[in-house]
1. Rounded to whole Hz and in sequence order, give me ³J(HN,Hα) for the range 126-138 from the Karplus expression 6.51 cos²θ - 1.76 cosθ + 1.60, θ = phi - 60°, writing x for Gly and Pro.
2. Below 13 angstrom from the Cβ of Leu91, what's the summed charge of the other residues (Lys, Arg +1; Asp, Glu -1)?
3. Please report the net charge: other residues with Cβ closer than 11 Å to the Cβ of Leu152, K and R +1, D and E -1.
4. So who's got an amide H within less than 5 Å of the one on Gly139, skipping anything under 5 residues away but keeping other chains? H placed 1.01 Å off N, in plane.
5. Beta carbons within 10 angstrom, averaged per residue: use that to sort the peptides 122-134, 55-67, highest first.
6. Please give the peptides 140-151, 27-38, 78-89 ranked by average Cβ packing (other Cβ atoms within 10 Å per residue), highest first, as a rough proxy for protection.
7. With a point put 7 Å past each Cα toward its Cβ, work out how far Ile142 is from Tyr118 in nm, to one decimal.
8. Suppose each label sits 7 Å from its Cα in the direction of the beta carbon; what would the Asp102-Ser45 distance come out to in nanometres?
Amino acid sequence: NYSYVCLAGDDSYTCPAKFDISQNTANTIAHLVVPGTTTPLTGLSLEPRDQPTYPNGSLASQVLGYVDYTYNTSTPVATGQYGLEQYYNGLLQGIPIAIGSDAAPHRGATLHTTIDSYVQLLVQQELTQAVKQYGATGGSIIVEQPKTGAILAMASTPGYDPSQWQQIVNQPMANGRARPGSFTVFTNPAISDQYEP
């Protein structure tokens with residue numbers, strides 16, 4: 001009764017298996033046969049997809065956001081969530097194509113920021129240490145180049161590792177509802193919360 005049932009890798013709430021399968025598992029599925037025969041099993045298709053990587057881990061994660069996939073069509077579509085990934089999603093996303101299509105995909109734009117990764121790292125380390133030292137629930141630091149207004153660092157804690165966002169979204173729920181504040185680590189309080197300068 002279903003035209004599409006996900007086995008893995010679908011980030012939507014309707015898919016029981018949230019994480020991608022390994023290449024070995026994909027190879028095993030690709031070579032499944034009808035039990036007791038050598039006839040290949042039909043009706044299964046594997047959809048390879050690009051996997052976003054975050055080589056700097058949690059560095060500027062609330063500024064940048066993360067990418068997940070939606071499955072509104074037969075082709076998975078990368079969608080930016082939070083931060084710059086969401087704000088500029090229309091430019092960064094490009095135009096995907098359906099598998100088997102003759103059309104050429106259109107690559108998304110490249111976005112350059114003024115964030116200095118070294119300054120960002122120092123700021124995040126100092127902020128984490130200060131929050132721990134003073135027993136605070138969180139904090140934010142913005143470092144700006146006064147002459148140009150360029151933001152060199154923007155850090156807030158608590159933060160998250162964008163390569164682990166699924167573990168936050170899929171954490172066990174309390175009484176059928178999301179745990180209070182469980183998604184607040186994705187937002188950037190340095191620009192979304194009110195505070196006295």
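1. 5, 5, 4, 5, 5, 4, 5, 4, 9, x, 7, 7, x
2. 0
3. Spelling it out: positives minus negatives among the neighbours equals -2.
4. It is Thr157, by chain and number.
5. 55-67, 122-134
6. So the order, starting with the most tightly packed, is 78-89, 140-151, 27-38.
7. According to this spin-label approximation, the distance is 2.5 nm.
8. About 1.8 nm separates the two model spin labels.
Taken together, the values in this text are just the output of simple stated rules run on the coordinates, not laboratory data. Please read these numbers as outputs of a predicted model, since none were measured by experiment. Heads up, the Cβs are rebuilt from the backbone with ideal geometry, glycines too, and the neighbour counts pull from every protein chain shown.
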